[in-house]
Amino acid sequence: MATPMSFDLLVVGSGASGLAAALSAERAGARVALVAKDSVQSCNSAKAQGGIQAAFGEDDSPDIHAEDVWRSSHETADRRLVEVLTSEAPDTIHRLEELGVEFTRENGGYRLARCGGATRRRLLQVGDRTGHAITKALREALEASTAQIFPKSPLHELERSTGGWRARCGEHVFDAQTVVLAAGGRCFREARERGELSTNHPGATGEVTRIALELGAEARDLDALQYHPNGGAWPATMQGYSIPETTRAYGATLLNAEREEFTDPLGPRDAVAQAIFDEVDAGRGVETPDGRPAVYLDTTRIAERDAEISLPYMLRRYRAAGIDPLAEPILTYPVLHYQNGGLVIDEQAETTLDGLYACGEIAGGTHGRNRMMGNSLLECCVFGRRAGRAAAEKARA
Ligand SMILES: Cc1cc2nc3c(=O)[nH]c(=O)nc-3n(C[C@H](O)[C@H](O)[C@H](O)COP(=O)(O)OP(=O)(O)OC[C@H]3O[C@@H](n4cnc5c(N)ncnc54)[C@H](O)[C@@H]3O)c2cc1C
């Protein structure tokens, strides 16, 4: 067996939640190790495009944001976690700015979009590469810190030991007083097993959740998986791509084969996805050239200026594939995207097991059974920071 390396705290995962947790623990004075399954850059967080929610609008507040989350979750979210999420959102944005994230601005303020299920314009963006910008800033700050980073070191065994935990990650063995699980969801594996497409990166396979469950940690809503309403359906190179929900925020509508609108484009995610499934099941969908079901997303309704500022990456990708979304509607169909549920946590992101923390997509409760767009990156940053701080404090005690 490899000689164990000793740290105050081990973080499992290098997405936004793991990076935020490791950074806040290191800043609280802890000796931190972070392991990633593959390269440090490989994660869902870096793929996130649309944006991150925070109540900055003059007609908005953290309470209104919390009500939107509660309603979109169909009153299944954990209200204590929702309150933490929305009340710490504005401050979280300022912290990200301190790390170098430049949110898109206009008229002296943030450019805010209204996303599905929201009653206010609340979505901040960095063009349509928001997750890339956030993870880059967090990663650069962590790389400049004393934390040690171990890529290609998948956690495969975790057990209690005297004074904390022993973890086997690839060829390494770690002893740590506290552990933060930030290993994301399982939609890549789930989609593969169902023979479906997924927006997720190949590391989203869920084995860390299984390890925690085997140790006795409690979970909730694990069966509640989310379909992104707008997976790319055609051309083939865009299949599985998540067309940013901001297309609909900036005016795109959903049309059936008769080019009729059939649903509120700014409804909650599950409602919009279900409306598309129902329309296709009723025989009012269209077929892609390779025989897949689809409906039209009428992106021609988006103003050119909005598209250029908030959707440049999407435009570039479609145009490179030979389709101009501002000149013709694009074909779309829901695609497996997000694990709504996960490990039960408290407000400090501690699981039901002492000294074991969880944050980001691996944790449940914040979104209940239906997450709103833009609240996952927020959850990663808010609860990642809390997890790191609390785990560092417990390691010191
Ligand atoms: C295409 C796409 C677009 C999205 N757009 C948005 C958006 O606009 N706004 C928004 O809020 N949310 C968005 N989301 C959702 C959001 O990005 C993710 O839910 C969130 O970033 C998950 O972060 P995370 O840190 O929990 O997990 P991830 O970012 O997935 O990171 C998980 C990490 O855990 C590691 N890992 C996994 N298993 C192991 C193991 N056994 N051992 C060690 N490490 C392991 C992985 O290697 C990875 O580093 C989007 C998601 C996708 C896929």
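The values are calculated or read from the model by the stated rules, or taken from the named source; none is laboratory data. Every value quoted in this text rests on a predicted model; they were computed, and no experiment measured them. Heads up, the Cβs are rebuilt from the backbone with ideal geometry, glycines too, and the neighbour counts pull from every protein chain shown.
Table for the structure above
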read-out: Check on GLY100, touching a helix residue (DSSP H, G or I) at 6+ places or on another chain (Cβ under 7 Å) and under 16 Å from ARG371 (Cα atoms); value: no
read-out: Every residue from segment 290-326 that is under 16 Å from THR104 (Cα atoms) and of a type outside the set (A, V, I, L, M); value: ARG305, ASP306, GLU308, SER310, PRO312, TYR313
read-out: Filter result for ALA307 (outside the structural domain of VAL272 (by TED's automatic domain parsing) and touching a residue at least 24 places away in the same chain (Cβ under 8 Å)); value: no
read-out: Test set (1) more than 8 Å from the ligand (Cβ to nearest atom); (2) within 24 Å of SER242 (Cβ to Cβ); (3) not charged (D, E, K, R) - ASN44 fails condition number; value: (1)
read-out: Conditions (1) within 24 Å of LEU23 (Cβ to Cβ); (2) buried (at least 19 other Cβ atoms within 10 Å of the Cβ); (3) of a type in the set (Gly, Ala, Ser); number of the one not met by ALA77; value: (1)
read-out: Among the residues listed as GLY240, GLY251, the single one being on the phi > 0 side of the Ramachandran plot and touching a residue at least 60 places away in the same chain (Cβ under 8 Å); value: GLY240
read-out: Odd one out for THR299, checked against (1) within 16 Å of the ligand (Cβ to nearest atom); (2) in contact with a Ser or Thr (Cβ under 7 Å, 6 or more places away or on another chain); (3) of a type outside the set (A, V, I, L, M); value: (1)
read-out: Sole residue being surrounded by 24 or more Cβ atoms within 10 Å (Cβ to Cβ) and either away from the ligand (no atom under 11 Å from the Cβ) or in the same structural domain as PRO244 (by TED's automatic domain parsing) (or both), chosen from VAL69, VAL11; value: VAL69
read-out: Residue within segment 376-396 that is touching a strand residue (DSSP E or B) at 6+ places or on another chain (Cβ under 9 Å) and modelled with pLDDT under 95 present; value: yes
read-out: Unmet requirement for ILE276, which otherwise passes all of (1) in contact (Cβ under 8 Å) with a residue 60 or more places away in the chain; (2) closer than 29 Å to GLY184 by Cα; (3) of a type in the set (A, V, I, L, M); value: (1)
read-out: Selection count, segment 183-207, where residues are touching a strand residue (DSSP E or B) at 6+ places or on another chain (Cβ under 6 Å), part of a loop (DSSP other than H, G, I, E, B) and within 9 Å of the ligand (Cβ to nearest atom); value: 3
read-out: Search result, residues across segment 357-389 that are part of a strand (DSSP E or B) and more than 10 Å from the ligand (Cβ to nearest atom); value: TYR357, GLY364
read-out: ARG316 being in the same structural domain as GLU258 (by TED's automatic domain parsing) and within 16 Å of the ligand (Cβ to nearest atom); value: yes
read-out: Residue tally, condition surrounded by 23 or more Cβ atoms within 10 Å (Cβ to Cβ) and in a strand (DSSP E or B), over segment 243-272; value: 1
read-out: Count of segment 34-82 residues which are hydrophobic (A, V, I, L, M, F, W, C) and assigned to a loop (DSSP other than H, G, I, E, B); value: 8
read-out: Flag if GLY18 is at positive phi, modelled with pLDDT of 95 or more and near the ligand (Cβ under 7 Å from one of its atoms); value: no
read-out: Some residue of segment 158-176 being touching a residue at least 12 places away in the same chain (Cβ under 8 Å) and within 17 Å of ILE362 (Cα to Cα); value: yes
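Let's see how each residue does on (1) of a type in the set (A, V, I, L, M); (2) away from the ligand (no atom under 14 Å from the Cβ):
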position	(1), (2)
THR135	no, no
ALA147	yes, yes
PRO151	no, no
ARG166	no, yes
GLY170	no, no
